[in-house]
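In what follows, a structure is listed as structure tokens, so that the remarks can point back to it.
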Amino acid sequence: MSKRRIMHMITPTDSVSPFDVNMAVDAGYAVIVPHCGIGESSVADFVQDAIFSRPPKSASTTGMFIGGGDVNRASEMLEIAKGAMVPPFEVSVLADPNGAFTTSAALVAVIERCLKEHASANLKGSNMKIFGGGPVGLSTAVLAKERGACVSLIRLTASADDGSVSEFSARFGVDIDSRRAVENSERLAEAADAQVIVTTAKAGIQVLGQEAVDQASGLLIAADVNAVPPTGIEGVEVMHNGDDVVCKWGSFKSIGALGIGRVKYKTQLEMLKSMLTSEDSLVLGLSDAYTEAARHA
Ligand SMILES: NC(=O)c1ccc[n+]([C@@H]2O[C@H](COP(=O)([O-])OP(=O)(O)OC[C@H]3O[C@@H](n4cnc5c(N)ncnc54)[C@H](OP(=O)(O)O)[C@@H]3O)[C@@H](O)[C@H]2O)c1
């Protein structure tokens with residue numbers, strides 16, 4: 001009898017994401033088990049408890065998903081999980097805290113597609129301002145920087161933690177320019193010289209109003225990930241997927257949350273499916289999410 005496919009969902013927080021549970025079931029996992037309160041100190045024992053329960057070389061029968069809301073913790077846990085395997089006893093592991101790896105991968109891939117189609121350009125050398133340094137903003141900054149964009153990560157709250165930026169960028173060997181713009185006047189000044197504007201604020205918060213795009217006369221693309229009204233940039237609607245938005249000086253291309261969400265969904269689904277079909281164990285993180293997203297943008 002073939003083994004039922006089990007997904008262990010682990011998180012340092014006190015609950016797993018229903019979105020991720022649904023995605024795992026839709027990808028083909030038959031049994032989903034949530035494990036809360038699993039962090040860096042317990043993940044190696046946890047992996048080793050799982051790998052010996054099934055025959056060697058059967059990585060496709062047991063999967064692990066690392067969630068939570070902290071990209072640094074999830075990345076560290078992914079590394080620890082990888083190091084805890086005892087080949088040929090292995091499982092496949094995917095990290096996607098807050099959905100940030102698959103969402104940022106989709107965001108960057110869709111922006112690249114849009115730049116190519118509408119401006120015969122790519123991210124290399126483009127002046128990109130990312131507003132919001134949560135999990136999605138931080139992951140987007142790293143992916144865009146890796147692709148040659150001149151990235152500024154604009155923090156939105158006075159309490160924003162700078163340590164998370166330096167720790168995460170150091171993992172990928174990039175340097176992210178990060179500063180704060182809490183007041184509207186500061187945000188307007190930051191947006192003014194951008195060619196690509198991305199907003200990744202908490203759901204339901206408008207970061208930039210019409211005035212911001214009206215004075216950003218070199219703007220090629222504005223993208224927002226927030227699906228809860230109001231959108232993060234006035235005029236950028238959730239369904240936009242490279243639509244033209246007219247402003248004071250001309251027009252720019254607009255990408256909304258569902259234009260990005262469509263690619264994020266396919267990216268996460270295909271990564272989960274690959275864990276179920278690969279004969280070798282897979283350890284999938286932010287860079288793998290980008291590779292997958294680029295196929296679907
Ligand atoms: N479209 C999709 O497929 C998709 C998928 C997943 C998530 N999302 C969306 O992506 C967005 C970002 O999610 P996330 O997980 O990175 O983080 P998040 O916890 O939703 O917050 C992101 C950032 O918002 C800023 N922020 C928080 N409170 C604020 C306030 N009162 N005023 C202004 N800014 C505030 C903070 O920026 P600083 O740290 O810079 O201060 C925070 O780090 C959310 O809107 C989420 O719904 C979309």
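All of the numbers you see were taken from the coordinates with simple rules; none came from a lab. Here the structure is a predicted model, which means the values were calculated and not measured. Because the Cβ atoms are built from the backbone with ideal geometry, glycine has one as well, and the counts that use them run over all protein chains shown.
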So which GluC sites (Glu not before Pro) in region 186-290 end up in coil per DSSP with only 13 or fewer other C-beta atoms within 10 Å?
Glu279
What's the exposure ranking of Val108, Val174, Val165, going from fewest to most Cβ atoms within 10 Å?
Val174, Val165, Val108
For region 60-67, in residue order, the Karplus 3J(HN,Hα) values (coefficients 6.51, -1.76, 1.60; θ = phi - 60°; whole Hz; Gly and Pro = x) are 6, 8, 10, x, 10, 10, 9, x
Exposure proxy check: Leu107, Leu272, Leu156 ranked by fewest other beta carbons within 10 Å?
Leu156, Leu272, Leu107
Cα extents of the chain along the three principal axes, largest first (Å)
65, 35, 32
Restricting the count to DSSP beta bridges whose residues both fall in the chain, what percent are antiparallel, rounded to a multiple of 5?
15 percent
For region 11-84, take every pair of Cα atoms, bin their distances at 5 Å starting from 0, and report each bin as a whole percent.
3, 15, 25, 25, 22, 9, 1
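What 222 nm value per residue comes from the helices of the chain, counting each DSSP H run with n ≥ 4 as -39,500 (n - 2.57) and dividing by all residues, nearest 500 deg cm²/dmol?
Numbers: 10 runs with 121 residues, N = 297.
Per the formula, -12500 deg cm²/dmol.
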So what's the convex hull volume per residue for the Cα atoms of region 48-158, in Å³?
124 Å³
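What dipole magnitude, in Debye to the nearest 20, does the chain give about its Cα centre under +1 on Lys/Arg Cβ and -1 on Asp/Glu Cβ?
Numbers: 26 positive and 35 negative charges, 142 e Å.
With only Lys, Arg, Asp and Glu charged at Cβ, the dipole is about 680 debye.
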Can you tell me what share of the DSSP beta bridges in region 100-259 is antiparallel? A percent to the nearest 5 is fine.
20 percent
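Taking only C-alpha pairs under 8 Å that are 6+ residues apart, what is the relative contact order of region 100-259 in percent? Each step should come with its number before you reach the end.
Working: 355 pairs, mean separation 30.2, N = 160.
This gives 19 percent for region 100-259.
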In degrees rounded to 10, the 0-90 angle between helix 18-27 Cα long axis and the longest Cα principal axis of the chain is 60 degrees
Give me the percent relative contact order of region 99-154, please, defined on Cα pairs under 8 angstrom at least 6 residues apart.
40 percent
Take the cross-link list Lys82/Lys264; Lys57/Lys266; Lys57/Lys116 and give me the ones stretching past 31 Å between alpha-carbons.
Lys57/Lys116
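Counting residues in region 119-206 as N, plug N into 2.2 N^0.38 Å and put the Cα Rg over that result.
Values: Rg = 12.4 Å, N = 88, 2.2 N^0.38 = 12.1 Å.
Dividing the Cα Rg of region 119-206 by 2.2 N^0.38 Å gives 1.03.
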For the chain, longest principal axis from Cα atoms; helix 257-277 axis from its Cα atoms; angle between them, nearest 10 degrees, is 20 degrees
Dividing the surface of the Cα convex hull of region 134-258 by four yields a projected area in nm² of 7.1 nm²
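Relative contact order (percent) for the chain, with alpha-carbon contacts under 8 angstrom and 6 or more residues of separation? Write down the numbers at each step before the final one.
Numbers: 676 pairs, mean separation 56.6, N = 297.
The value is 19 percent.
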Going by C-beta contacts inside 10 Å, put Cys150, Cys36, Cys114 in order with the fewest on the left.
Cys36, Cys150, Cys114
Return the whole-Å distance between the Cα centroid of region 1-77 and the Cα centroid of region 89-148.
24 Å
